[in-house]
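Reading through the structure tokens given below for one structure.
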Amino acid sequence: MQDAPQLGRQNTAAPAIELRGISKAFGPVQANKDISISVERGAIHGIVGENGAGKSTLMSILYGFYKADAGEIFIGGERTAIPDSQAAISAGIGMVHQHFKLVENFTVLENVVLGAEDGALLRPSLAKARKLLTELAKEYELNVDPDALIENLSVGHQQRVEILKALYRHADILILDEPTGVLTPAEADHLFRILRNLKNEGKTIILITHKLREIMDVTDTVSVMRRGEMKGTIKTADTSPEDLAERMVGRKVLLQVDKTPAKPGKSVLEVKDLRVTDSKGVVRLKGISFDVRAGEILGIAGVSGNGQSELLEVLGGFETATGDIHINGHPIDLTGKFSDGQSRRAQGIAHVPEDRQREGLIMDFMAWENIAFGYHNDPAYNKNVLLMDNAAIRADTEGKMERFDVRPPNPRLQAKNFSGGNQQKIVLAREIERNPDLLLVGQPTRGVDIGAIEFIHQQIVALRDQGKAILLVSVELEEIMSLSDRIAVMFDGQIMGERLPGETDEKELGLLMAGMNGKAA
Amino acid sequence: MDKMPKWADVLLIPFINLLLAFILSGLVILAIGKDPLVAIKTMVEGSFGSTNAWGYTLYYATNYIFTGLAVAIAFHARMFNIGGEGQAAIGGLGVALVCLAVDWPHWTLALPAATIGAAIFGAGWALIPAYLQARRGSHIVITTIMFNFISAALMGYLLVNALKEPGNMAAETRDFPAGAHLPSFHEMLAPFGIEFSKHAPANISFLLALLCCFLFWVLIWRTRLGFAIRSFGHSETAARYAGISPTKIIMISMMISGALAGLMAINNVMGESERLILNSVEGAGFIGIAVALMGRSHPVGVFLAALLFGFLTQGGAELQLWENIPRELVVVIQALVILFTGALDNMVRAPVERLFLKFKKRVA
Amino acid sequence: MDFLTLIQILDSAVRLATPLLLACLAGLFSERGGIFDIGLEGKMLAAAMLSASVAAVTGNVWLGMFAGVGISILLALLHGLASITFRGDQLISGVAINFLAAGLTVVIGQSWFGLGGRTPSLMGEGRFKSLEWPLTETLEGIPIAGPLYSELISGHTFLVYVALLAVPASWFILFRTRFGLRLRAVGENPAAVDTAGISVVRLRYAAVAICGVLCGLAGVYLATGLAAGFVKDMTAGRGFIALAALIFAKWRPWHAMGACMLFGVLEALSNRYQSIEAPTYIIVAILIVMAAGLVWSSRKSLLDLAVLGGVAFLLVTVGTVSLFSSGLFGQTAIPGQFIQALPYILTVVILAGFVGKATPPRAGGEPYVKER
Amino acid sequence: DPAIIFDLGGKFDKSFNEAAFTGATRWAEETGGQFREVELQSEAQREQALRRFAESGSNPIVMAGFAFASALETVAPDFPDTKFVIIDMVVDQPNVRSVVFNEHEGSYLVGLLAGMASKTGTVGFVGGMDIPLISKFACGYVQGVKAANPDANVIQNMTGTTPSAWNDPVKGGELTRAQISQGADVVYAAAGGTGLGVLQTAADEGIFSIGVDSNQNHLHPGSVLTSMTKRVDVAVYNAFTEGADLETGFNVLGLSNDGVGYALDEHNDALLNDEMRAAVDAAKAQIISGEISVHDYMSDESCPVM
Ligand SMILES: Nc1ncnc2c1ncn2[C@@H]1O[C@H](COP(=O)(O)OP(=O)(O)OP(=O)(O)O)[C@@H](O)[C@H]1O
Ligand SMILES: Nc1ncnc2c1ncn2[C@@H]1O[C@H](COP(=O)(O)OP(=O)(O)OP(=O)(O)O)[C@@H](O)[C@H]1O
Ligand SMILES: [Mg+2]
Ligand SMILES: [Mg+2]
């Protein structure tokens, strides 16, 4: 099916895609302003920009998901109207969205055929898709169990399904919106191998990412967007991460974390033989033990889904477990009967959850309400036993927003109206300024632009330097390596080993993350 | 950031919606061969034209405020309490038991006691659905629907067998003692020299309803419990992260919801009929759903929507009385009002928003 | 209970379950497509009214059926207009449709027939006849299978068989066809459907239209199959029961049939055994066992103890009262109201005890909004 | 002008409201007069409607239904020059006429006919809701059945517990089928609109039914055995005819003054044989003369035969 000649309609000399003068406003927000861009055939083209720069919007317009207010689209040199995704698909465009568009309780196969079925009955379509899927899987190393439910797949596999969906529809042009935000380094490498394969097949790829290293590694050309405007396109070979960062943010950015060696103090968190079984009866944590001391950052590396989330949930007080946890030498209740998120906070634990949109924030609440969220029992936020002191919370919020450079600094704006990076800053402001003994941080920079990453990393290190204990969970090896004072690697509910950042490298950690325990832990 | 000014949002759009609903109602009236202008005049005069008219309008509005608030508070915790009908009926039982148990010397004593009785009984009727939702995940919509039917059976049994006054044809309790009589608007306003109709059923429970609106607002937007309820309503996962117990919120918000529905009985049972009769709720529990939805679960909105439905009920009665228009026409008008102000809101909102945006751009 | 009684009760259950089943499947299509519908009641009512009116005027039940289904589809499309096109609140729209139907059926019926919303009684070809299956008389003599065939299977109206066939048909459409796959997807994640190049709007309109057809049939059956004409408010809450059955069935066709049959059987039982007496000691014993069971199962937490213990206390109180009023070995008449409420009580008990949590289609109730 | 207020069931309830409406209409047709009318929607409107009509000068004002009693108690003294007529209830005021019916006597007669017509010895009763008024019907009916056949079995069902119990012909039909399957071959319906379903099903299943309030024999000729007529229409008609100077006081309508009875017309002429006619006429005479006393459920709220 791949060699089915679809090239006839295209002029090989013309750029694969050319956008001219695209503008798009969401109500009062001008997401794209008069954007023009052109992508050569068979190229991997990167797009970078801060959160909210309008990257996703631009690509969604190209994919027919949004309608542009103005502008023209040329595919293979021909002016093409893309009123809906159907038109984009038949123009040979496939897209892997930033937030996956999969039906969670459907199988892989069902998701792949959805919208591309062959006839009114499902069975033949599914059978055919199953065959093609095996071929595609072989051709591009895209292995997934066709009968698995999406909700049971890791994000990496879910992403493969998204790519398979596009290939199944004969996409010549593949758009990937922040594909590596949730992948492990190994998975990301795998993805890039696939992308190169696709490129060699003559396909055109547009890659949006916040990770400049990836841009440098795989793209041929790169475009920079800022505040809804296109700031120019350059050959990747002619630029550097520092240069790109500066073009994106409009100032110089420190790409390396600047930190002094840790001065660990007394032990703040001691975990012994922690076990968790989830509601479906699956054992998620198989007896893990570790400790974190004052003034140090313990980084927990691992592919997501290996128990890190459960660990954070137990420590945060909203998952039950067996075993022993001591905070500052005091045991804490793990049965959920006498403790919850509230009592954990009282014990000096602050928690930046992995999923800010589902856990850390209430998207419909205003910023000031989110600042009080979880700390609504704090006497400073309450006038008396009955009434909350909303004015005090708002005043506090204004201060926090200023110190954490949240933009726009408006306490009455709803959380959903902030960009991802700024949402994360609100959560951090709330948790870090509590001055906790122990800070739990999950995926602090997921989907966050480099300007904000720099700031967030500085805040975490600063807290450590005040002598606080920090437990950092991240799938981002680079982040783990540069922030942690010690690194523990989790696999399948167990800790595979502990390493010091100076004495290990990504390769060794990668092996541990895959469950291969080279040296004894 | 805003697409249009707040006044347009809270006043202009509902006004256009209502206008559309009334125009369509007018067409229906025309279709059955009556004069819509006379009809609207009759309705307005009949519900606002005299103190007697006001007395009826506010009486119905009071009922709807209570049931509307009941549905609204459950909505804030993202629960759909269809059981207002049953909870209000059982609240009536509570009121009746309190009022009949003691020969009350004065309403100032009877009212607090009956209020507690109504609230406890109403809350008690919401208790089991709430518990089953919290503990067993049994869908609150089914259980509250079932509890409406069960309450009807229970009330039927009690009124026919246990509480009925012997020799009375009607399935109703005996009259409450005179000391349990609540001051009507006439009695309340007479000392201020205001002559309010003696015979209108509006009574002091209207003030109780206003108080509940205010307390509702304080609870939801000014207290920690309200904060927790809203948090849970917006996101259960986030609430768990924040240490807000789902069980606790479900139980508490449903109990408050049941209590508010039960309080309606102060108005219709204690204030109006002064005895407990069969089917005393008369669908106010269901109208409460519409009121809460139209009022966007905000007490001010609930108050205004309740007033609107009070107007429709009373105006509709007048329509029937003087114009011989079938009483079900009022239900049609209610339906159109709900449809246009609630469900078809965006039909009007989107174009108006675009107009404002255009206007703003031109100014800018 | 002898075999014939059982057959008769089941027979009655089938008739009572049919309107529920049709309405329940109607709701199933709509909600699987992501549009919640509490307006089932209203659509049924309107269909019942119009079908009876047309059948009464023309004397032709088939014309009546088309008219009934037609009005139900119209109301369904109104619901679609509000909740799909204008992204309104689906609950509000459903409530509005219920009110609209309750009012309009009477207003219009009154101006047509002057009978206060009632239609004239349907006669002859104006209503659906029971279909007698071949060989009923011959086979009646065979034990067990005979009565089963001639009483239970044969002798229902056309729409009963339609309803029963609608169950496998719904299952097939939902789980074995392209349309079904897309429909389920649009109820779970409309964005996935949209990016796959399929129109969310069109799919959802199709879902509500199917809902309209089935709901219409439910109403038609009430007025022209079970009864012979329309009486105001004749749906009597069946739309809500259908909704409950839908949740009960967790949005699955075969389960929907099970849930509706359960309601049917419970109602048939309570119709049949409305006034019964039992020896007091048996009643007291049952109450005490139930109370003990509740207390026993509430050891876990204070909340359980408070609620279940409270219910147990009520049961014991009832037992004590009946003991005092009739003596241990006397007969206690179980109140008719209790028997009438029993289907609803048992629903709650079954739901709490055996069914557990029901998760609706994930995108249900939320309008699909691409651009904020 | 006279005025009439219908109860919550509405004037087309196939029951006493409708009968009242019939009486008022007959008066209007015969005299060419006009009358005011209103159907209540809520309890609170009872007093409101009474006052509004009284204030606007309507006289007399008739109300159909016992539930008006307490409203009338408070309103009547305020309008001493207006005459009020309440049906089904006694209100002791100088300007009020209270009309009550001996439904138990009428029910006794149709019960007698049911007992005689039944071949199986089992007959049925379908009531709307379990309220005292319906028990009054049921108790009279059972006494009549037992008088015809002391061994007869009477199956009793109530339709429901919510107001929709009066408007649920589907359920009425199902209850009838349940009774038929238990052997009933005559069913008496006292359930408003629900009764339509009872009569229909009885006709479909080929058994007898008995209508209520107005003469329902014509609904299914050959199947409706008879109807227990309660001449609310006569009460209203009379009140309207007597006009503003009607006599107030207590007014019992029973067998003796044809306030209640059983319906015999061309539709059921063939159904009642001579023996039945003789028996029922005899019973009627005996009741009027006091030889037979039919127990009134409302007298002590119990029924000796149930
Ligand atoms: N559906 C929408 N409705 C309204 N506003 C939107 C919508 N989608 C995006 N926006 C707004 O448009 C602007 C551009 O958003 P977009 O998602 O394109 O940014 P992005 O560059 O992809 O950012 P990120 O790196 O966070 O993914 C932002 O201000 C955003 O809030
Ligand atoms: N029907 C309605 N639906 C929604 N909001 C309404 C409605 N009617 C009024 N409002 C307004 O919505 C606002 C939300 O209430 P809230 O208590 O959060 O006010 P606020 O602006 O935060 O005031 P404050 O600054 O004192 O906290 C109020 O200003 C209220 O007047
Ligand atoms: Mg983006
Ligand atoms: Mg506020």
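Residues checked against (1) touching a helix residue (DSSP H, G or I) at 6+ places or on another chain (Cβ under 8 Å); (2) modelled with pLDDT of 90 or more; (3) within 16 Å of ligand 4 (Cβ to nearest atom):
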{"position": "A:D3", "(1), (2), (3)": "no, no, no"}
{"position": "A:Q10", "(1), (2), (3)": "no, no, no"}
{"position": "A:A13", "(1), (2), (3)": "no, no, no"}
{"position": "A:N32", "(1), (2), (3)": "yes, yes, no"}
{"position": "A:I35", "(1), (2), (3)": "yes, yes, no"}
{"position": "A:I44", "(1), (2), (3)": "yes, yes, no"}
{"position": "A:I61", "(1), (2), (3)": "no, yes, no"}
{"position": "A:A68", "(1), (2), (3)": "yes, yes, no"}
{"position": "A:F74", "(1), (2), (3)": "no, yes, no"}
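Being open to solvent by less than 50 Å² (accessible area, probe 1.4 Å) and closer than 30 Å to B:S235 by Cα is a property that B:A77 has. Does D:S289 satisfy being out of contact with any Lys or Arg (no Cβ under 8 Å at 6 or more places or on another chain) and within 14 Å of chain B (Cβ to nearest Cβ)? No. Do the conditions hold for C:V355, that is, is it surrounded by 15 or more Cβ atoms within 10 Å (Cβ to Cβ), closer than 27 Å to B:T247 by Cα, touching a helix residue (DSSP H, G or I) at 6+ places or on another chain (Cβ under 7 Å) and facing chain B (nearest Cβ under 9 Å)? When the stated conditions are applied, C:V355 passes them.
The set of residues from region B:195-227 being more than 13 Å from ligand 2 (Cβ to nearest atom), in a helix (DSSP H, G or I) and within 29 Å of B:H181 (Cα to Cα) comprises B:S205, B:F206, B:L207, B:L208, B:A209, B:L210, B:L211, B:C212, B:L215. Restricting B:L189, B:L163 to residues that are surrounded by fewer than 24 Cβ atoms within 10 Å (Cβ to Cβ) and within 26 Å of B:G49 (Cβ to Cβ) narrows the list to B:L189. Counting only helices (runs of 4 or more DSSP H) wholly contained in region A:40-123, the ones carrying 3 or more residues that are more than 12 Å from ligand 1 (Cβ to nearest atom), free of Cβ contacts under 8 Å to residues at least 60 places away in the same chain and within 14 Å of another protein chain (Cβ to nearest Cβ) occupy A:85-90, A:108-113. Under the condition of being in contact (Cβ under 8 Å) with a residue 12 or more places away in the chain, away from chain C (no Cβ under 14 Å) and part of a loop (DSSP other than H, G, I, E, B), the residues counted in region B:144-173 number 2. For region A:335-354, the criterion of being surrounded by fewer than 18 Cβ atoms within 10 Å (Cβ to Cβ) and of a type in the set (D, E) is met by no residue. Looking across A:S279, A:S304, A:S309, one residue alone is within 22 Å of the chain's Cα centre (by Cα) and in a loop (DSSP other than H, G, I, E, B). It is A:S304.
Suppose the filter is in contact (Cβ under 8 Å) with a residue 60 or more places away in the chain, of a type in the set (F, W, Y), under 21 Å from B:W104 (Cβ atoms) and in contact with a Lys or Arg (Cβ under 9 Å, 6 or more places away or on another chain); does B:F176 pass it? The answer is yes for B:F176. Of note, A:V406 satisfies the criterion of being within 16 Å of ligand 1 (Cβ to nearest atom), without any contact (Cβ under 8 Å) to a residue 40 or more places away in the chain and aliphatic (A, V, I, L, M). Restricting C:V69, C:V54 to those that are in a helix (DSSP H, G or I), under 22 Å from the mean Cα position of the chain (by Cα), assigned by TED's automatic domain parsing to the domain that holds C:L181 and of a type in the set (A, V, I, L, M) reduces the list to C:V69. Just need a number here: residues in region D:196-244 that are assigned to a helix (DSSP H, G or I) and of a type in the set (A, V, I, L, M). Result for region D:196-244: 12. Entry remark, region A:401-440: residues being open to solvent by 10 Å² or more (accessible area, probe 1.4 Å), under 21 Å from A:L471 (Cα atoms), in a loop (DSSP other than H, G, I, E, B) and not acidic (D, E) number 2 in total.
Residues in region C:29-43 that are farther than 21 Å from C:H255 by Cβ and either part of a loop (DSSP other than H, G, I, E, B) or touching a Pro at 6+ places or on another chain (Cβ under 9 Å) (or both): C:G39 alone.
Residues that are touching a residue at least 40 places away in the same chain (Cβ under 8 Å) and either hydroxyl-bearing (S, T, Y) or within 12 Å of chain D (Cβ to nearest Cβ) (or both) do not occur anywhere in region C:242-263. If only residues of region B:9-23 that are closer than 19 Å to C:L100 by Cβ and within 25 Å of the chain's Cα centre (by Cα) are counted, the one that is most open to solvent (accessible area, probe 1.4 Å) is B:L19.
Summed over region B:197-218, residues that are without any contact (Cβ under 8 Å) to a residue 24 or more places away in the chain and open to solvent by 30 Å² or more (accessible area, probe 1.4 Å) total 4. If you check A:K383 against the conditions, is it within 13 Å of chain B (Cβ to nearest Cβ), away from ligand 3 (no atom under 16 Å from the Cβ) and among the basic types (K, R)? Yes: the conditions hold for A:K383.
Scanning region B:305-342 for residues that are within 16 Å of ligand 2 (Cβ to nearest atom) and facing chain C (nearest Cβ under 8 Å) gives B:I338, B:G342. Of the conditions (1) in contact with an Asp or Glu (Cβ under 6 Å, 6 or more places away or on another chain); (2) open to solvent by 20 Å² or more (accessible area, probe 1.4 Å), B:I194 fails just one. Which one is it? In the conditions (1) in contact with an Asp or Glu (Cβ under 6 Å, 6 or more places away or on another chain); (2) open to solvent by 20 Å² or more (accessible area, probe 1.4 Å), B:I194 misses (1) alone.
A quick yes/no check of all residues on (1) open to solvent by 10 Å² or more (accessible area, probe 1.4 Å); (2) within 14 Å of C:L21 (Cβ to Cβ):
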residue: C:R178; (1), (2): yes, no
residue: C:E188; (1), (2): yes, no
residue: C:V201; (1), (2): yes, no
residue: C:A227; (1), (2): no, no
residue: C:I241; (1), (2): yes, yes
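Within this structure, B:L307 passes the test of being open to solvent by 20 Å² or more (accessible area, probe 1.4 Å) and at pLDDT 90 or above.
Name the residue that is nearest to the other protein chains (Cβ to nearest Cβ), counting only residues in region B:258-304 that are surrounded by fewer than 24 Cβ atoms within 10 Å (Cβ to Cβ), within 16 Å of ligand 2 (Cβ to nearest atom) and hydrophobic (A, V, I, L, M, F, W, C). Among residues in region B:258-304 that are surrounded by fewer than 24 Cβ atoms within 10 Å (Cβ to Cβ), within 16 Å of ligand 2 (Cβ to nearest atom) and hydrophobic (A, V, I, L, M, F, W, C), the one nearest to the other protein chains (Cβ to nearest Cβ) is B:L304.
Picking from residues in region A:141-192 that are within 14 Å of chain C (Cβ to nearest Cβ), open to solvent by 10 Å² or more (accessible area, probe 1.4 Å) and not in a loop (DSSP other than H, G, I, E, B), the one that is nearest to ligand 4 (Cβ to nearest atom) is A:E151. For region C:278-287, the count of residues that are farther than 22 Å from B:I128 by Cβ, touching a residue at least 60 places away in the same chain (Cβ under 8 Å) and of a type outside the set (A, V, I, L, M, F, W, C) is zero.
The values are calculated or read from the model by the stated rules, or taken from the named source; none is laboratory data. Since this is a predicted model, take the numbers as computed values, not measurements. Here Cβ is always computed from backbone atoms with ideal geometry, including for glycine, and neighbour counts include all displayed protein chains. Calculation scope for accessible area: heavy atoms of the full protein, side chains included, ligands and nucleic acids excluded. Shrake-Rupley method; radii C 1.70, N 1.55, O 1.52, S 1.80 Å.
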